[in-house]
Amino acid sequence: MSALPCYRWRLAPAGLATRRQLRALGLRPGGQDVVAELHRPRRRKAPLVAYLYRVDRAKPIRPMTPARAAALAAAMLVRRTCPNCLVDVGYCIPRSLGMCVSCHDTPALSEGNRRVLA
């Protein structure tokens with residue numbers, strides 16, 4: 001057990017929030033330490049734990065700069081490009097398939113006649 005205060009699901013005091021709740025408010029933890037834990041009970045499994053931060057010490061989220069936007073766009077382009085047919089398919093390629101659905105459903109391409117990225 002941790003030395004942090006523990007609250008049950010939906011019983012945390014006002015002024016504390018999870019990372020997702022802070023993000024919804026346009027805030028981020030900003031380097032502050034975790035002040036409490038939130039436990040959500042689950043049947044037959046260990047409880048889910050969420051960490052709580054103080055809202056009054058949270059900082060505003062950093063604005064999106066042009067360089068960050070370009071880096072994000074480049075990363076998403078790589079995730080949308082099929083390594084087999086080298087086409088931007090418009091959705092993120094599932095890691096379980098490793099290629100776009102069209103290439104996966106075509107037996108001639110999925111068995112080994114693939115293009116190799118250089």
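Only one residue of 55, 24, 85 has its Cα farthest out toward the positive end of the dipole of the chain, where Lys and Arg carry +1 and Asp and Glu -1 on Cβ, and that residue is 55.
Between the helical axis of 66-80 and the longest alpha-carbon principal axis of the chain there is an angle of about 50 degrees. Among the chymotrypsin sites (Phe, Trp or Tyr not before Pro) found in segment 25-98, those both in a DSSP coil and sparsely packed, with 13 or fewer other Cβ atoms within 10 Å of their Cβ, are 91.
Computed about its Cα centre, the charge dipole of segment 6-60 is approximately 420 debye, with only Lys, Arg, Asp and Glu carrying charge at their Cβ. Computed over the chain, the P(r) curve from all C-alpha pair distances, binned at 10 Å from the origin, holds 12, 25, 18, 22, 19, 5 percent per bin.
Cα centroid separation, segment 7-24 to segment 54-100: 28 Å.
Counting DSSP beta bridges with both partners in the chain, what percentage is antiparallel, nearest 5?
75 percent
The value of relative contact order for segment 66-110, using C-alpha pairs under 8 Å at least six residues apart, is 26 percent.
Its Cα centre serving as origin, the chain has a Cβ charge dipole (Lys and Arg +1, Asp and Glu -1) of approximately 560 debye. A straight chain from residue 8 to residue 101 at 0.36 nm per residue would run longer than the Cα-Cα distance by 29.2 nm.
Taken together, the values in this text are just the output of simple stated rules run on the coordinates, not laboratory data. As the structure is a computational prediction, the values presented were derived from the model and not from experiment. Every residue, glycine as well, gets a Cβ built from its backbone with ideal geometry; the counts of neighbours run over all protein chains shown.
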